[in-house]
Amino acid sequence: MARLFTIEEDVFRLTVRKFLDDKLPADLRERMLSGERPTRDDKVTWSRLLHERGWGGYTWPAEHGGPGFTPIQRYIFEDEAWQAGAPEVVPFGLKMVAPVIMKFGSDAHKQRFLPRIASLEDYWCQGYSEPGSGSDLASLKTRAVRDGDDYLVTGQKIWTTEAHDADWIFCLVRTSAEGRKQDGISFLLIDMKSPGITVRPIITFDGAHEVNEVWFDNVRVPVANRVGEEGQGWTCAKYLLEKERLNFGGMGFCKREVARLKRLAQETGRSRLDNPLFAARVGALEMRIAAADLTNLRFLRAEERGDAVGLPAPYLKILSSHLQQDVLELQVRLLGRSALPVRAADFSNTPLALKSELANVAPTYCNYRKTTIYAGSNEIQRNIAAKSLLG
Amino acid sequence: MMSDAANVIFVPRDEHGLLVGSLDHLLSDQALIKGGWRPLWQQLAQAGILSAALPESDGGLHDSRALALLAERLGRSGVVSPFISSATAATSLFSRVPAASRFVELRERLGSGSVIAAMDIPGVVQSDRSLMTLTGGKVSGVARLVPFGAEADFIILVATASEGDPALVLVRKSDVLIQQSVIGIDGAPYATLRLDSVALQPESDLAGGSEAERLIAWGRDVLVTMHCAEALGAMSMLVDLTRDYLTVRHQFGEPLSAFQVLRHRLVDMDMALTEARSVVECAAGLLEEDDVFARRQAVLATHFTVARAALKVSQDSVQLHGGIGMADETPVGGYFRRLLTLPLQFGDEDFCAESYSG
């Protein structure tokens, strides 16, 4: 008989489950399973727990201080963590800047930054988008002008997630206006405490403060904080985007939220699951999630044996972003009027435990419209895929 | 005993490559393909393709993942044959029924291509419930539009016994009256078969009661999964044909592949194909699963995903080809029609969505 996972992988899953059972605080677990979005402290708590177990850099190879999980072990770890109610790890350090530092950084960069990423002593954010450079990222204008052993950085980044929580930002900056626009870009690591940085919040239409504008006014950045050569920033960025999209993590979210959708259908006493049309919508969604999840697993098996199959990165991004939106849409549809109030206190005749849960549903639905836009909009993903199919 | 790592879903096995290679070699003969399934059938037998479903002791692979790969390649070739019913479902079934040693000889004959079996497992959709009854050891009733029903030497049928229990029975061509014989939308033959008080011989009684229920559910899962695998092959061909067409067809002074809207539509077709491949490979691997619920869910999710993908890929292939996509001589139409048979025979995506309870 064929199996999806080897015996060894099943054993690993049990090890992860045991760790989560023992260590993940019940309060945190409950809040995450009821749809609350994690705070900075929640993320720090979780990262410290992982760090103590030696799993702080769980996506990293052993040579850089990670546990050296196989691609499938990473998948299993994230799958279990999501189901158990762990908060999502902060991806900007662990999954985004760290691989770039490992690939393009100096030994000094590795020694200085990687351990503090694994322990979340340094909280990172990503300085890519600019007001005039969204999908056309390579047109970015934030300038870095050489001044002795430093660069002077001036310009503006936007949509910077958690810049207000961050200690460090990795930035794409323009070091040359000559030649191809991609060739004039460099990759800088910038301390958020540097004089000349201003962070201004952007409130999104769900009411949340998640993203920001980050202004740079002659910010002095040591040349030593450049990763890769001058002009190699675009290469770093493309490498990072590849890493970001594989193992996107969206499936874990979807499975957790489908489970919550079904629980809410019971707990709100509406028994909408008895309605054949609604039940069929839930069934269809679950099967779409299963298909995308298996596709993720299939790609990881290929990665494990060093094969390239299909177009993993764009497809997984497109599929998981839509599924995340669709499961939240079904939650809103399920609740009807119960999704109108957005403050827990505004719910009357509702069990205490449900109040904040219900209040989160519509805002989260609004918030997740971001998923088809960020990390390269889905239209950009289709451009990338089309280039590989059609040239 | 095979080591655990040797049969992990999504990890190719060496045997698969060899088997698929020999099938591809046969299918590369255009003259053979054009002649329909009969001339191909003996070639398949000689290449060992028809015996792949036999137990290892009989020279087969006993590996449903391999069967799905073969069904996929046949689907890609566009030849519609009794491969799914005869060489996958029936052949596997004859080594799973109680007292399977009764069928050693029949299994050999199926593997050598000297006989073929048809299989009708109704009941997926309520209106298609079995119309066959088993009373006093005699089978009577009608099996409607059975694929290759008139061509088959043996037919596996589901009958309802007087107590309401299902029975799985095997009848011979000579026991059956062909009430109607038609060519379907896909060009394949279908026959409505009538049985009038056919007395069951000891070897015709495949299984009864809960054993029959188990085998019927399993047989249906095999048929659906293999049809999905065949559809996967057809879709892969349509995506390739469409991609090629976009690069050679020029309008407004440019190849169609220069237009973003068409590029994105091709990507969506290929993405649907990609997901279909994942679910088919998974379901094929789980066909031997002891946990019936897990197997059933995997097959339903596969059926759903492939049914959706098949409509999308076939419709968009015609659209992206434009007028020429409507022409009968363009290969697109043949695949379009064959892909229609998955929902027609086994139910559409809505049926799956209603039935799934994860």
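With everything on Cα atoms, drop me the angle between helix A:378-390 and the longest principal axis of chain A, reported from 0 to 90° to the nearest 10.
The angle comes out near 70 degrees.
Roughly how crowded by other chains is peptide B:293-306, in terms of the mean Cβ count from those chains within 10 Å of each of its Cβ atoms?
Partner Cβ neighbours, averaged per residue: 3.
Please build a GNM for chain B, connecting alpha carbons under 10 Å apart, and tell me which residue among B:F336, B:F252, B:F94 fluctuates the most.
Comparing B:F336, B:F252, B:F94 in the GNM, the peak value goes to B:F252.
For the ranges B:61-69, B:311-319, what's the packing order if you count other beta-carbon atoms within 10 Å of each residue, average per peptide, and put the highest first?
Averaged packing, sorted descending, gives the order B:61-69, B:311-319.
Could you give the angle, 0 to 90 degrees to the nearest 10, between helix B:292-321's Cα long axis and the longest principal axis of the Cα atoms of chain B?
Helix B:292-321 sits at roughly 40 degrees to that axis.
For the peptides A:174-184, A:206-216, what is the packing order when you average, over each peptide's residues, the other Cβ atoms within 10 Å and list the highest mean first?
A:206-216, A:174-184
Between rounded, prolate and oblate, where does region B:95-229 land on the alpha carbon gyration tensor, with a ≥ b ≥ c its root eigenvalues, rounded for a/c under 1.5, else prolate if a/b exceeds b/c?
In terms of gyration-tensor shape, rounded.
Loop only by DSSP, 13 or fewer other Cβ within 10 Å of the Cβ. Give me the trypsin sites (Lys or Arg not before Pro) in region A:254-310 that pass, ordered by residue number.
A:R305
Rounded if a/c is under 1.5, else prolate if a/b is larger than b/c, else oblate: which is the protein assembly as shown, with a ≥ b ≥ c the root eigenvalues of its Cα gyration tensor?
On the way: a/c = 2.22, a/b = 1.81, b/c = 1.23.
Because a/c hits 1.5 or more and a/b exceeds b/c, the protein assembly as shown counts as prolate.
For B:E105 and A:E304, what is the calculated FRET efficiency with R₀ set at 51 Å and r taken between the beta-carbons, to the nearest 0.05?
0.70
For region A:100-158, give the magnitude of the charge dipole about the Cα centre (Cβ charges: +1 Lys/Arg, -1 Asp/Glu; no others), in debye to the nearest 20.
Value, rounded to 20: 120 debye.
Averaged over its residues, how many other protein chain Cβ atoms are within 10 Å of peptide B:158-166's Cβ atoms? Can you show the working numbers first?
Numbers: counts 0, 0, 0, 0, 0, 0, 0, 0, 0.
Average per residue, whole number: 0.
What is the fewest-to-most order of A:L334, B:L238 by other Cβ atoms lying within 10 Å of their Cβ?
By the 10 Å Cβ count, ascending: A:L334, B:L238.
Taking square-rooted eigenvalues a ≥ b ≥ c of the alpha carbon gyration tensor, is chain B rounded, prolate or oblate, where a/c under 1.5 means rounded and, failing that, a/b exceeding b/c means prolate?
The shape class here is prolate.
Quick one: of the DSSP bridges fully inside region A:124-231, what percent are antiparallel, nearest 5?
Restricted to region A:124-231, the bridges split so that about 85 percent are antiparallel.
Amide H of B:L131 versus every other amide H placed in the peptide plane: which residues, excluding those fewer than 5 positions away on the same chain, fall under 5 Å?
Those qualifying (amide H under 5 Å, at least 5 residues apart or on another chain) are B:V142.
Charges only on Cβ, +1 for Lys and Arg, -1 for Asp and Glu: so what's the dipole of the protein assembly as shown about the Cα centre, in debye to the nearest 20?
It works out to roughly 1300 debye.
What ³J(HN,Hα) values, in whole Hz, does the Karplus curve 6.51 cos²θ - 1.76 cosθ + 1.60 give for region A:294-304 when θ = phi - 60°, with x put for Gly and Pro?
5, 5, 4, 5, 4, 5, 5, 4, 5, 4, 4
Looking at region B:248-284, which trypsin sites (Lys or Arg not before Pro) are in a loop (DSSP not H, G, I, E or B) and have at most 11 other Cβ atoms within 10 Å?
Answer by residue number: there is no such site.
Which three numbers, in whole Å and largest first, are the semi-axes of the equivalent ellipsoid of region B:211-355 derived from its Cα gyration tensor as √(5λ)?
Details: eigenvalues 231, 39, 24 Å².
For region B:211-355, the semi-axes come out at 34, 14, 11 Å.
Between A:L4 and residues 5 or more places away or on another chain, which pairs have amide H atoms under 5 Å apart, with H built 1.01 Å from N, and which residues are they?
Under 5 Å from the amide H of A:L4: B:I9.
Can you give the helix-only mean residue ellipticity at 222 nm for chain A, where every DSSP H stretch with n ≥ 4 adds -39500 (n - 2.57) and the sum goes over all residues, rounded to the nearest 500 deg cm²/dmol?
Roughly -15500 deg cm²/dmol at 222 nm, from the helical runs in chain A.
Please give the charge dipole size of region A:269-356, origin at the Cα centre, charges +1 on K and R Cβ atoms and -1 on D and E Cβ atoms. Round to the nearest 20 debye.
Charge dipole of region A:269-356: 300 debye, to the nearest 20.
Which order do the peptides A:21-30, A:48-57, B:171-180 come out in when sorted by mean C-beta neighbours inside 10 angstrom, highest first?
Result, highest mean first: A:48-57, B:171-180, A:21-30.
Only Cα pairs under 8 Å and at least 6 apart count here; give the relative contact order of chain B as a rounded whole percent.
Numbers: 595 pairs, mean separation 55.3, N = 358.
Result for chain B is 15 percent.
Need one value for A:7-14: mean number of C-beta atoms belonging to other chains within 10 Å of its residues' C-beta atoms.
1
Only the coordinates and a few stated rules stand behind these numbers; no lab work does. Treat the numbers as computed from the prediction; the structure is a model and nothing was measured. No Cβ is skipped: glycine too gets one built from the backbone with ideal geometry, and neighbour counts run over all protein chains shown.
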